[in-house]
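The values are calculated or read from the model by the stated rules, or taken from the named source; none is laboratory data. Source: prediction; values computed, not measured. Cβ coordinates were reconstructed from backbone atoms using ideal geometry, including for glycine residues, and neighbour counts include every protein chain displayed.
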Amino acid sequence: MKKITDFELIEKEDFGNAVMLRLRSPEPLPDIDPGQFAQVQVNDSPATYLRRPISIHDVDFDRREISLLIQKVGEGTRHLAALECGSTVNMVYPLGHGYSAPDAKERVLLVGGGVGIAPLYYLAKRMSQLGMKPALLLCGKTKADLPRLEEYQKVGDVFVTTEDGSCGEKGITTAHSLWKEQQVDRICVCGPKRMMHAVADIAKERGIECEVSLENLMACGLGACLCCVEDTVDGNVCVCKEGPVFNIRRLKW
Amino acid sequence: MVNLTIDLGRGLVLRNPVMTASGTFGYGEEYTDFVDLSQLGGIIVKGTTLHPREGNPYPRMAETPSGMLNCVGLQNKGVQYFIDTIYPRIKGFDTNVLLNLSGSCLEDYVRGAEMVDVLDKIPAIELNVSCPNVKQGGMAFGVTTTGISQVVSEVRMVYHKHLMVKLSPNVTNIAEIALAAEASGADSVSLINTLMGMAIDAERRKPRLSVITGGLSGACVKPVALRMVWQVAKAVKIPVVGLGGISNATDAVEFMLAGASAIEIGTANFIDPAVSMKVAEGMKAYCERHGFQKVTDLIGALDC
Ligand SMILES: Cc1cc2nc3c(=O)[nH]c(=O)nc-3n(C[C@H](O)[C@H](O)[C@H](O)COP(=O)(O)OP(=O)(O)OC[C@H]3O[C@@H](n4cnc5c(N)ncnc54)[C@H](O)[C@@H]3O)c2cc1C
Ligand SMILES: Cc1cc2nc3c(=O)[nH]c(=O)nc-3n(C[C@H](O)[C@H](O)[C@H](O)COP(=O)(O)O)c2cc1C
Ligand code: FES
């Protein structure tokens, strides 16, 4: 069931280019799948008329808390990053279809680039709760692009690449040594489009199942306006409703 | 107790003046987690054409100050698919379900209207003669008096229920177009559809929309819409349905005062999916506060 809820901002951690917001709901949370997102309202920002789609980064059902990891790219995200604790943040959530439910027998690799690492934390956490230990390949231009690495290490085996070598191996995502050494059955990706394409190419070449999370521009987030469509093998489909996570077989990649 | 009922004629009676605008509310199903549809006067479902349409390529929208541009391009699976697959799912809704019908030639409008005429639970169609996105489509009909007379009178011959004609604001004299629709048999007119606009990404020196131009909607269009509703309401005798930038009950009341008999809410549904219900409640509260026994007393009650 989708909800519209006024959350209270209870904790904020600033990482320079990004910020993590921990938000508490006055009522119990509905089921939320990894890879689903929220449409976040930005108040008092005249340039931000529409809501902003942001992935669910973490969920604590007992404490009725949702965390978001947000990169400051424009007016809306900068406004959210500047909120003070105690502020109200209205969200419509949970939206869309997330990553396929993990199968305990599979070796799963999660690949995140930049703020694309956001939904993978919740995915890895859910997998670790099922007794799995996913491998996480987290990639950025520089170390500052990869906040909360310690937290990721608690829920999976973390591998890192940065383009400047400031953390982990130096180079781009697909150059990491793990691609030569590890056998995987499934890859879940979220990040810049170019990176996702490169990973999808590897997956196709090796016949590995691969799911990617798209970031098409959205208006309603509910499958009502048809603004966010992706041209797939089934024609134009709404990313907000049938995605944002798609198996690459369904895309024209 | 305030009487909120609005009778738009030829069997179309609304529980209250609030409807949701075509293209912004899907088929209603997308909003049932947020809105009790039985609290609305009606919902107007997605623009539908006789034949399926893939619509325009992505990107289809651009945010603008207090509004947005879209060039969805009438993506839909066609009238037959609507009848076979969607209608059975939504015909039980406890509200008026109106179909927004569009076409790229006269024959398509007529055939589409004929097919919808037999659907029990669709009390009206809203004829979209104004969608600015379709290259050789709607635009031609909606912007000239001869064009609109032609399409409305042809559809009138085959369609026996309430015929609402949705007007384009991209014209010089909207009252003249509305009069032509009235004279050709329209039971009501709704306005405004989106205003033709454009957005550019200066950094990349590229248009933001795939087909360059698109339709502007949202709070920013309200003053234009209000003015047009006022002009049309003065000119015609049939009921006028007002829309364009309505975001709250006060906006809705303003349209009624300007002469609208009912209103539609579009883009505001994206900002608050529950807004339609809140507007209905707020209009009732306004009537109570100002001592109006019935909402129809608001129609054209502008003091000027
Ligand atoms: C399903 C989904 C999940 C997302 N999850 C996250 C997340 O967890 N964390 C996060 O930081 N961001 C996420 N995004 C991207 C985020 O929605 C945009 O960065 C945000 O809307 C930008 O708003 P703004 O007002 O700050 O920027 P604007 O002023 O609107 O734009 C600034 C710049 O950002 C670019 N931009 C705007 N919207 C998007 C978009 N949807 N995708 C890519 N670039 C965009 C613009 O082209 C422009 O160059 C997600 C997007 C989607 C569709
Ligand atoms: C994404 C989108 C899709 C639309 N699709 C249609 C459509 O299919 N048929 C139609 O008559 N109007 C369509 N419209 C226009 C709206 O119904 C409405 O006339 C317009 O948006 C102005 O009202 P608003 O400012 O309240 O949104 C669409 C508008 C938007 C934003
Ligand atoms: S954003 Fe409206 S349909 Fe996806």
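Restrict the check to the stretch B:248-257 and report whether at least one residue is in a loop (DSSP other than H, G, I, E, B) and surrounded by fewer than 20 Cβ atoms within 10 Å (Cβ to Cβ). Yes: the stretch B:248-257 contains one or more residues that are in a loop (DSSP other than H, G, I, E, B) and surrounded by fewer than 20 Cβ atoms within 10 Å (Cβ to Cβ). Please go through the stretch B:187-208 and give me each residue that is among the aliphatic types (A, V, I, L, M) and either more than 12 Å from chain A (Cβ to nearest Cβ) or within 12 Å of ligand 2 (Cβ to nearest atom) (or both), ordered by number. Selection gives B:189, B:191, B:192, B:195, B:196, B:198, B:200, B:202.
Yes/no matrix, rows are residues, columns are (1) within 19 Å of the chain's Cα centre (by Cα); (2) farther than 27 Å from residue B:197 by Cβ; (3) more than 10 Å from chain A (Cβ to nearest Cβ); (4) crowded, with 16+ Cβ neighbours inside 10 Å:
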site: B:15; (1), (2), (3), (4): yes, yes, yes, yes
site: B:26; (1), (2), (3), (4): yes, no, no, yes
site: B:35; (1), (2), (3), (4): yes, yes, yes, yes
site: B:39; (1), (2), (3), (4): yes, yes, yes, yes
site: B:49; (1), (2), (3), (4): yes, no, yes, yes
site: B:89; (1), (2), (3), (4): no, yes, yes, no
site: B:92; (1), (2), (3), (4): no, yes, yes, no
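The residues of the stretch A:201-215 that are away from chain B (no Cβ under 14 Å) and either within 16 Å of ligand 3 (Cβ to nearest atom) or not in a strand (DSSP E or B) (or both), listed by number, are A:201, A:202, A:203, A:204, A:205, A:206, A:207, A:208, A:213. For beta carbons closer than 8 Å, sequence separation of 6+ or different chains, a first residue in the stretch B:22-33 that is closer than 17 Å to residue A:95 by Cβ and a second that is more than 16 Å from ligand 1 (Cβ to nearest atom) and of a type in the set (Lys, Arg), the qualifying pairs are B:26/B:46; B:29/B:89; B:33/A:3. The selection criterion, being modelled with pLDDT of 95 or more, more than 10 Å from chain A (Cβ to nearest Cβ) and part of a loop (DSSP other than H, G, I, E, B), holds for residue B:22.
Criterion applied to B:147, B:112 was being at pLDDT below 95 and either in a helix (DSSP H, G or I) or of a type outside the set (Val, Ile, Thr) (or both), and the one residue passing it is B:147. For the stretch A:206-230, the tally of residues that are within 16 Å of ligand 1 (Cβ to nearest atom) and touching a residue at least 12 places away in the same chain (Cβ under 8 Å) stands at 16.
Tally time: how many residues in the stretch B:199-229 are part of a loop (DSSP other than H, G, I, E, B) and on the phi < 0 side of the Ramachandran plot?
The number of residues fulfilling the criteria is 8.
Against the numbered list (1) assigned to a loop (DSSP other than H, G, I, E, B); (2) under 18 Å from residue A:118 (Cβ atoms); (3) away from chain B (no Cβ under 13 Å), residue A:78 comes up short only at (1).
Just checking, which of B:278, B:234 is part of a helix (DSSP H, G or I) and away from every other protein chain (no Cβ under 14 Å)? After ruling out the rest, the residue left standing is B:234.
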